[in-house]
Amino acid sequence: MVHPILKLVVQRVALGILLLLAASVLIFVGTQILPGDVAQSILGQSATPVSLANLRAELGLNDPPVTRYFNWLSGVLQGDLGTALSNGQDIATAMGRRLGNTLFLAFWAAIIAVPLAIVLGLISVRYRDRWPDKLISGVTLATISVPEFLVGYIAVFFLAVQLQWFPSIASVYDGMTLGERLYAISMPVIVLVLAVLGHMMRMTRAAILNVMQSAYVETAELKGLSQFTIIARHALPNAVAPVVNVVMLNLAYLVVGVVVVEVVFVYPGMGQYLVDHVAKRDVPVVQACGLVFAAVYIGLNLLADVISILANPRLRHPK
Amino acid sequence: MRRIPLAALIGLIFTGAYFGAAIFAPWIAPYGMAEVVGDSWEPWSSTHWLGTDTIGRDLLSRMIWGGQTTIFVAAAATLLSFSLGSVLGFTAAVRGGWVDQILSRTVDLMMSIPSLISALVILSVMPVTLPVLILVMGILDSTRVFRLSRAVAVDITVMDYVEAARLRGEGQGWIIFREILPNALSPLVAEMGLRFIFAVLFISTLSFLGLGVQPPMADWGGIVKENKEGIVYGIPAALIPAFAIATLAISVNLVADWILNRTSSLKGGRGG
Amino acid sequence: MADVLLDIRNLRIEATSYPPGEPPRDVVLVDDVSVAVEKGRVLGLIGESGAGKSTIGLSAMSYGRGGVRLTGGQILLNGREIRTAGMRELRSLRGHEVTYVAQSAAAAFNPAKQLMEQVIETSLSHGLMPRAEAEARAVDLFRQLGLPDPENIGKRYPHQVSGGQLQRVMTAMALCPKPDLVIFDEPTTALDVTTQIDVLAAIKRAIHETGVAALYITHDLAVVAQVADDIMVLRHGKMVEYGTTEQIITRPSEEYTRALVSVRGIEHAEKDPSVEPVLRVQNVTARYKGTNFDVLKNVSVDLPPGQTLAIVGESGSGKSTLARAITGLLPPSQGRITFAGRELSRELKARSKDDLREVQMIYQMADVAMNPRQTVGTIIGRPLEFYFGMSGEQKRVRIQELLDQIEMGRGFIDRYPAELSGGQKQRVCIARALAAKPKLIICDEVTSALDPLVADGILKLLLNLQAAEGVAYLFITHDIATVRAIADRIAVMFKGQVVRYGPKSQVLAPPFDDYTDLLLSSVPEMELGWLEQVLEHRKMESAGN
């Protein structure tokens, strides 16, 4: 007898893979079938018909779309993301380092943002509708209302230019120590933290409040338990799942924020790479980056789902 | 008419001012959109209230013209996402069955890729023009409107009064427009405010990345891009759009909150 | 008064209400109520929703739910004032001296913890007894409360036991720390009537054997009469009447109490069954899409014109599903439904306008049965427009006639549903059904959500309208008293089947089948000692078998 949780998790993972596959189709279709001609965009308006035809043949644009998709997909599955049109480099190689840089940035942003958001969420709940709650909610509303790149420049203006605490450009290179590297990315990390903190804190607050208002917490209060016992033994075990869920969803959001923040701080990561090649209309790179971003995003959402399943006592202890 | 709370009033005034400035830009802006009138990055003065930009254009005029573009593109995208998302969302809720399945799964799929990434992928092969931007933003954002309007409509369709209308033999038109819509309106209008803000942020981000509104046209994201080098020299020109976007976003938020509160409960009172 | 345990004097309770779009204002929930409970006695607090009975109950723990404030009076527990006591003192008495049993045990238990942990939690946290002793006591209590497998049930999680069992576990949880006083807040209301009687008996036995004092809160006077020594009747946050159970049941002095005691002041003579039926349901079987389980199995009933057929059953018996099959919302997989001599098509969409017009429906929750954005005039006027093409003055006159018929003033025509009381809302729904000039009205639990006095008014109105218009009612309910009051014919449903069917006089008279016997004997009667009689009777029967 297979445990129902295992069955559900397997189902969810299979669904995630299916979704990723469908997303790859969507990305492929979006770049190949829309009324833009890749060859035309590479060579520009002045291209001769002959050179256009040559390039089309070279890129395999004359094959039927389905064939092209499967060629691309089988390449991707073998780790071959193709070569960039603009400079002929192997995409997988070029992307590898950048992906590492991006994950490094996202990791440190998450390390700071997650505990901070949870603590602020808890403070908000503890002092609900009193001034600490209102202050936190006001400040986070402001950070949500300003796009990441503007938060970036505001931070640069004050922290890097006026106060000169941090470098305004996050340049990293080989041979840096961890400390140097962390100092270099301090500004983008601050901005990313500000960008996700608002959403994460608000959703955490809502999730905890939901648990605190449940009937079983009232039961615990009517048992005369101490505030600490109520929170530690009755609220927390039930709040973990929704909070972890919130965190995961916001980490997925962070992945998108990275794109803009990297451009602001000229950080050599995936986002910068994607934006540069969108401007150059380098379709294979855009496809590859799009797929990687989609995979991370879908993966984090999947993880959130799986954690909710694992944390559900109804599923963990079936009838 | 009940009294308007202070927060909503402030929101209404600011929102109105921004929209007014956008509509009447040609009459309000002291200089032309691309007119070079001074040195680069002149400080604030009586002739140039907000100073000049990187190539000596009047920044206040750029902000007003840019506001026009930003607000116009965002409003058009919101209108598109709204009409598309709500019509499909209601249809999915009322029809149910395979129609609902197809629409909902498509939306799930579209939402599995972050919208900024989707937009970048599409813009890598499409010409970057205003209609394309509006279309891309509108369609990508309609997925969220779809989810909300479907959820709201599903909540309403299970109400006994909708069943009563069905049992009476009413057609789908009556059920959607007379039974569901009046009760779904307030959450949808509030959502419209949020979607508009999102569209403002979205178009600004795209322009900042150089993939939105193209120069010499002005828009708030573009102004940041043009003047970002100044920041390193302590020139805050690039931060002015930040202020504009934030105040617009917050004031629209305040109005949306007020609308939602005023007519929140479906059971409680006649609201509007 | 040496042995007074709880002494509440001139209690006043307030809360702040936040109507949308208006400034918040304070409302008084309970005003000048005094309650006393002596050691070992049970006081019943009875009243409708909004009477303030739960609020008073929780005040015995000096607890205000969700912003409710205890603003005046004294609450003396074991002689000391607790209304103004500090948190530390309150913590030491809550869960020790006073404990609480909630209406919905399913929500009141922490879903992530085993039952035993939760049952003995207070005994440990208040340092009342060591773990082993607490666990042993819990098992004893489980046994006393008639729970199956008392040794091991504590290892289960809340979702792994049934609602009725969970309610007993919660009672065990309340009794485990040996409290002086237990507050029972509608402990059996969420249960089906046949489950309720067992839980009620278990609670009563446990109270008796532990000698604990109790506040028993409920809206059902017949229930409280079985458990309480004294009863206080509350209405709109004020005391109506206070006395011993015997006095309240047999000699109520206030009119409101008399109305509660007499239940249904309606007499209704059974009509002649030998008429050609207007509705004939033959061998109807139905299931919901995507399930493989028949919710209706081979159901056949007849309803003569101008008469009332009551469909009785507990939740899940299929009684509401039968209504959905008749209206076409749930097309049956087998069987025929004949109406006024013609066969109704299974699908709602395939029915003619006249078929739709002649079968109307009234719902349990009048609140959600009317579009909150439409005026009473629009609500009643729409069928006139839709079926009869009326408009303008003609429609207005007819709406006014209908308002007269439902005994409401003509001024209501421009009101919105939110401006009406519960009873008025239900009357408007009746008018909307009548507007179609139907031959059959399906009434789905139409009085269940109403105050008994208001419900009486609605039933009388329905009977008058039947006499005047000759309309037939298919009356779906779980309430036997209502059935007695208005039915001509009765069908008892159980697990999707009709287990007993016929004229009222036959269905409600012995000999009974097993289920009807169980159902009828489980309905609490307004009689002292009823519970013991039933249990005694059942014991004898099972011994006889």
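None of the figures in this text is laboratory data; all of them are computed from the coordinates on show. None of the values given here were measured: they were computed from a predicted structure. Cβ: placed from backbone, ideal geometry, glycine included. Neighbour counts: every protein chain shown.
Okay, here's what the table says:
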{"item": "Segment C:279-509: translational diffusion in µm²/s, Stokes-Einstein, Kirkwood Rh over Cα pairs, 10 °C, 1.306 mPa s", "result": "88"}
{"item": "Dipole in debye (nearest 20) - the protein assembly as shown, about Cα centre, beta carbon charges: Lys, Arg +1; Asp, Glu -1", "result": "840"}
{"item": "GNM result for chain B, Cα springs below 10 Å: residue of B:V189, B:V136, B:V158 fluctuating most strongly", "result": "B:V158"}
{"item": "For C:I441, net neighbour charge (Lys/Arg +1, Asp/Glu -1) across residues whose Cβ lies under 14 Å away", "result": "+2"}
{"item": "Relative contact order of chain A, pairs being alpha-carbon contacts under 8 Å that are 6 or more residues apart, as %", "result": "27"}
{"item": "Distance histogram in 10 Å bins (all Cα pairs of the protein assembly as shown, percent per bin)", "result": "2, 8, 14, 18, 18, 16, 12, 8, 4, 1, 0, 0"}
{"item": "Local electrostatic count at A:G16 - Lys and Arg +1, Asp and Glu -1, tallied over other residues with Cβ under 12 Å", "result": "-1"}
{"item": "Relative contact order computed over segment C:161-214 (Cα-Cα under 8 Å; 6+ residues apart), in percent", "result": "47"}
{"item": "P(r), alpha carbons of segment C:153-273 - 10 Å bins starting at zero, rounded %", "result": "11, 36, 31, 15, 6, 1"}
{"item": "Table column - 3J(HN,Hα) (Hz), segment A:5-21, Karplus curve with 6.51, -1.76, 1.60, x for Gly and Pro", "result": "5, 4, 4, 4, 5, 4, 4, 5, 5, 4, 4, x, 5, 4, 4, 5, 4"}
{"item": "Per-residue HN-Hα couplings for segment C:90-100 [Karplus 6.51, -1.76, 1.60; θ = phi - 60°; Hz; x = Gly/Pro]", "result": "4, 4, 6, 8, 5, x, 10, 7, 10, 10, 9"}
{"item": "Pairs from C:K204/C:K539; A:K223/C:K204; C:K353/C:K395; C:K155/C:K289 whose Cα-Cα separation, in the structure shown, is over 25 Å", "result": "C:K155/C:K289"}
{"item": "Computed over segment C:267-347, Cα set: Rg, Dmax in Å", "result": "13.5, 45"}
{"item": "Cα-based Rg of segment B:124-272 normalised by 2.2 N^0.38 Å, two decimals", "result": "1.41"}
{"item": "Under Karplus coefficients 6.51, -1.76 and 1.60, residue-wise ³J(HN,Hα) of segment B:13-20 in Hz, glycine/proline x", "result": "4, 5, 4, x, 4, 5, 5, x"}
{"item": "Spatial separation of Cα centroids for segment A:217-282 and segment A:159-182, in angstrom", "result": "25"}
{"item": "For segment C:167-203 and segment A:114-129, distance of Cα centres in Å", "result": "37"}
{"item": "Residues of type lysines that B:K225 reaches as a straight line, Cα spacing below 28 Å, ignoring anything fewer than 8 places off in the same chain", "result": "A:K280"}
{"item": "Equivalent ellipsoid semi-axes - Cα gyration tensor, segment C:4-261, angstrom", "result": "29, 22, 18"}
{"item": "Cα Rg over Rh - chain C, Kirkwood", "result": "1.00"}
{"item": "Solution diffusion estimate, µm²/s, Stokes-Einstein, segment C:17-150, Kirkwood Rh from C-alpha pairs, 4 °C, viscosity 1.567 mPa s", "result": "73"}
{"item": "Sequence-distant residues sharing a close amide H with B:T54 (under 5 Å, placed H)", "result": "B:W41"}
{"item": "Three semi-axes of the equivalent ellipsoid, chain A, Cα gyration tensor, whole Å, largest first", "result": "43, 28, 15"}
{"item": "Cα-only radius of gyration and Dmax that characterise chain B, units Å", "result": "21.7, 73"}
{"item": "Kirkwood Rh in Å, taken over segment C:300-350 so that all alpha-carbon pairs contribute", "result": "12.1"}
{"item": "Cβ-based charge dipole, chain B, positive-most Cα from B:G51, B:G20, B:V87", "result": "B:V87"}
{"item": "Relative contact order of segment B:29-94, pairs being alpha-carbon contacts under 8 Å that are 6 or more residues apart, as %", "result": "25"}
{"item": "As computed over segment A:141-263, the Cα convex hull volume per residue (Å³)", "result": "148"}
{"item": "Other-chain or far-sequence residues with amide H under 5 Å of C:G73's (modelled H)", "result": "C:R12"}
{"item": "Dipole-positive endmost among A:M270, A:M212, A:M201 within segment A:195-319 (Cβ charges, Cα centre)", "result": "A:M212"}
{"item": "Long-range amide H partners of C:V101 with built H, under 5 Å", "result": "C:I183, C:F184, C:D185"}
{"item": "Dipole of segment A:91-316, positive end: most advanced residue of A:V151, A:A252, A:P284 [Cβ charges, Cα centre]", "result": "A:A252"}
